[in-house]
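Engineer: After the structure tokens below, expect a handful of questions from me.
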Amino acid sequence: MTGDEVFHRELRQRMSGKILFDEPAERHASIGVGGPIDALLFPEDEREIAEIVRFLRERRVPFLPVGNWTNLIVRDRGFRGVLISLACLRNLILRDNGKDGMLLLAGAGCPLSELVSLTVREALSEMAFCAGIPGSVGGAVRMNAGAYGGEIKDIVETVRLLDDLGVIRRVARKELHFAYRSLDLPAETIIIGATFRLRKGNGMMIEEQVRKIIETRRRKHPLAFRNAGSIFKNPPDCPAGRLIDECGLRGLRIGDAQISEKHGNFIVNRGRATAEQILGLIELIQRRVFERTGHVLETEVKIIGE
Ligand SMILES: Cc1cc2nc3c(=O)[nH]c(=O)nc-3n(C[C@H](O)[C@H](O)[C@H](O)COP(=O)(O)OP(=O)(O)OC[C@H]3O[C@@H](n4cnc5c(N)ncnc54)[C@H](O)[C@@H]3O)c2cc1C
């Protein structure tokens, strides 16, 4: 259905933003693999997002929101359905909340790096842990992104969601169910924006904290190659990277997909890797780690498509 002319026309009638049909995911995904997406939409504002979601639901067309594609692997035969980019939602507003500190209101499409820069400029603490995470606000909330002792759930105050009826509603932190690297939401629910509660801190210390985190990331992560961040969630008692190292898997390759020589929990694309090669390495790691250590490694990256 998503390939037919009538559907294409109907989409064009409803969208003033850009539409890419049969768009290769490899052009967008940070790891540089993935087959054609039936339609990749770039709505221009919240109203257009809500309208398009209503239309897709009516037509029973599968769809998913996407942010910066930094935690996403699309299989080689692509995605039958629609991906909706939230890139247009870039609003960023800082509000004084009196004795309760400051509130930072951010659109889902804002890169976390912009929030980190703003919090450094304004000497606001608690967001430094996001330094170097290349995702968007929507993706970070959806994944409950975290590092260096912080997680999105610790600073989020409210989240604006587009619900099943196409209505945008604000949901308070206490009604949201965060877990390690996830927020419990139906896959099609779209995060429109989020509010973060932050406190004033020592500007120089915050800047130093951010600088150190970036430096550590450059040292430890294989940033010279395309990748999708940590492939596996860390089991409660041991980092996934250490288990992978213990099994002697660092550096192992299938075609151009390689378990990073620098960090066992990263798979890098050395040039022309395919999703099949990357998924092959993921399965191999899961099997070897289980056989040798008894740990079941669960993927952190989202894998979609056919
Ligand atoms: C070099 C590198 C380092 C990384 N380091 C870290 C790290 O330290 N900690 C960490 O937690 N992650 C890390 N990541 C992974 C990734 O950056 C985060 O998970 C990030 O939050 C994903 O955001 P995104 O916008 O790229 O999401 P995407 O990859 O676009 O999407 C990820 C998932 O979120 C959903 N999603 C995206 N936007 C929305 C939305 N608006 N509403 C609802 N659902 C949405 C998608 O459907 C998908 O299921 C790293 C990645 C890389 C490449």
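The values are calculated or read from the model by the stated rules, or taken from the named source; none is laboratory data. Everything numeric in this text was worked out from a predicted model, so none of it was measured. Here Cβ is always computed from backbone atoms with ideal geometry, including for glycine, and neighbour counts include all displayed protein chains.
Engineer: Taking interchain pairs and intrachain pairs at least six residues apart, which have beta carbon atoms under 7 angstrom, with the first residue in region 134-151 and under 14 Å from residue 301 (Cα atoms) and of a type in the set (Lys, Arg) and the second near the ligand (Cβ under 7 Å from one of its atoms) and at pLDDT 95 or above?
Structural biologist: Between residues of region 134-151 that are under 14 Å from residue 301 (Cα atoms) and of a type in the set (Lys, Arg) and residues that are near the ligand (Cβ under 7 Å from one of its atoms) and at pLDDT 95 or above, the close pairs are 142/191.
Engineer: Further question on the same structure: Could we say that residue 224 is exposed (fewer than 14 other Cβ atoms within 10 Å of the Cβ), modelled with pLDDT of 95 or more, within 15 Å of the ligand (Cβ to nearest atom) and in a loop (DSSP other than H, G, I, E, B) here? If you could, list the steps in order and put the result at the bottom.
Structural biologist: Working: exposed (fewer than 14 other Cβ atoms within 10 Å of the Cβ): yes; modelled with pLDDT of 95 or more: yes; within 15 Å of the ligand (Cβ to nearest atom): yes; in a loop (DSSP other than H, G, I, E, B): yes.
The answer is yes for residue 224.
Engineer: While we're on this one: How about region 258-297: which of its residues are within 21 Å of residue 75 (Cβ to Cβ) and β-branched (Val, Ile, Thr)?
Structural biologist: Result: 259, 267, 268, 274, 278, 282, 285.
Engineer: I would also like to ask the following. If you scan region 120-132, which residues turn out to be more than 15 Å from residue 194 (Cα to Cα) and more than 10 Å from the ligand (Cβ to nearest atom)?
Structural biologist: 120, 121, 122, 123, 124, 125, 126, 128
Engineer: If we keep just the residues of region 165-185 that are of a type outside the set (S, T, N, Q), within 14 Å of residue 138 (Cα to Cα) and near the ligand (Cβ under 10 Å from one of its atoms), which is surrounded by the fewest Cβ atoms within 10 Å (Cβ to Cβ)?
Structural biologist: 185
Engineer: Related question: Condition (residue is within 24 Å of residue 110 (Cα to Cα) and surrounded by fewer than 21 Cβ atoms within 10 Å (Cβ to Cβ)) applied to region 64-76: is it met by at least one residue? Spell out the reasoning first.
Structural biologist: If we filter region 64-76 for residues that are within 24 Å of residue 110 (Cα to Cα), which is where we start, we get 64-74.
Imposing the further condition that a residue be surrounded by fewer than 21 Cβ atoms within 10 Å (Cβ to Cβ) reduces the set to 64.
Scanning region 64-76, I find at least one residue that is within 24 Å of residue 110 (Cα to Cα) and surrounded by fewer than 21 Cβ atoms within 10 Å (Cβ to Cβ), so the answer is yes.
Engineer: Before we move on, is residue 162 within 12 Å of the ligand (Cβ to nearest atom) and modelled with pLDDT under 95?
Structural biologist: On the way: within 12 Å of the ligand (Cβ to nearest atom): yes; modelled with pLDDT under 95: no.
Answer is no for this residue.
Engineer: Working only within region 72-122, note down all residues that are modelled with pLDDT under 95 and either under 30 Å from residue 282 (Cβ atoms) or part of a loop (DSSP other than H, G, I, E, B) (or both).
Structural biologist: Matches in region 72-122: 97, 101.
Engineer: I'd like to verify a number: residues in region 284-306 that are surrounded by fewer than 15 Cβ atoms within 10 Å (Cβ to Cβ) and of a type in the set (D, E, K, R), how many?
Structural biologist: 5
Engineer: When you go through (1) more than 25 Å from residue 216 (Cβ to Cβ); (2) in contact with an Asp or Glu (Cβ under 7 Å, 6 or more places away or on another chain) one by one for residue 181, which number turns out not to apply?
Structural biologist: Among (1) more than 25 Å from residue 216 (Cβ to Cβ); (2) in contact with an Asp or Glu (Cβ under 7 Å, 6 or more places away or on another chain), the lone unmet condition for residue 181 is (1).
Engineer: A follow-up question, please. Here are some conditions: (1) touching a Cys at 6+ places or on another chain (Cβ under 9 Å); (2) within 8 Å of the ligand (Cβ to nearest atom). Residue 193 meets all but one. Which one does it not meet?
Structural biologist: (2)
Engineer: Hey, another quick one. Please go through region 180-238 and pick out each residue that is among the aliphatic types (A, V, I, L, M), within 25 Å of residue 159 (Cβ to Cβ) and touching a helix residue (DSSP H, G or I) at 6+ places or on another chain (Cβ under 8 Å).
Structural biologist: Keep residues of region 180-238 that are among the aliphatic types (A, V, I, L, M), which gives 183, 185, 187, 190-192, 194, 198, 204-206, 210, 213-214, 223-224, 228, 231.
Those left that are additionally within 25 Å of residue 159 (Cβ to Cβ): 183, 185, 187, 190-192, 194, 198, 206, 210, 213, 228.
Those that are among the aliphatic types (A, V, I, L, M), within 25 Å of residue 159 (Cβ to Cβ) and touching a helix residue (DSSP H, G or I) at 6+ places or on another chain (Cβ under 8 Å): 183, 185, 190, 191, 192, 194, 198, 206, 210, 213.
Engineer: Within 19 Å of the chain's Cα centre (by Cα) and in the same structural domain as residue 208 (by TED's automatic domain parsing): which single residue out of 108, 123 fits that description?
Structural biologist: Working: 123 fails: within 19 Å of the chain's Cα centre (by Cα).
Testing whether each residue is within 19 Å of the chain's Cα centre (by Cα) and in the same structural domain as residue 208 (by TED's automatic domain parsing) leaves just 108.
Engineer: Here's another thing I want to ask about it. Mind checking which residues of region 84-118 are within 16 Å of the ligand (Cβ to nearest atom), without any contact (Cβ under 8 Å) to a residue 60 or more places away in the chain and among the small types (Gly, Ala, Ser)? Quick ask: steps written out before the conclusion?
Structural biologist: Within region 84-118, the first condition is being within 16 Å of the ligand (Cβ to nearest atom), and the residues that meet it are 84-92, 105-116.
Those left that are additionally without any contact (Cβ under 8 Å) to a residue 60 or more places away in the chain: 85, 87, 90, 92, 109-114.
Passing the criteria: 85, 87, 109, 113.
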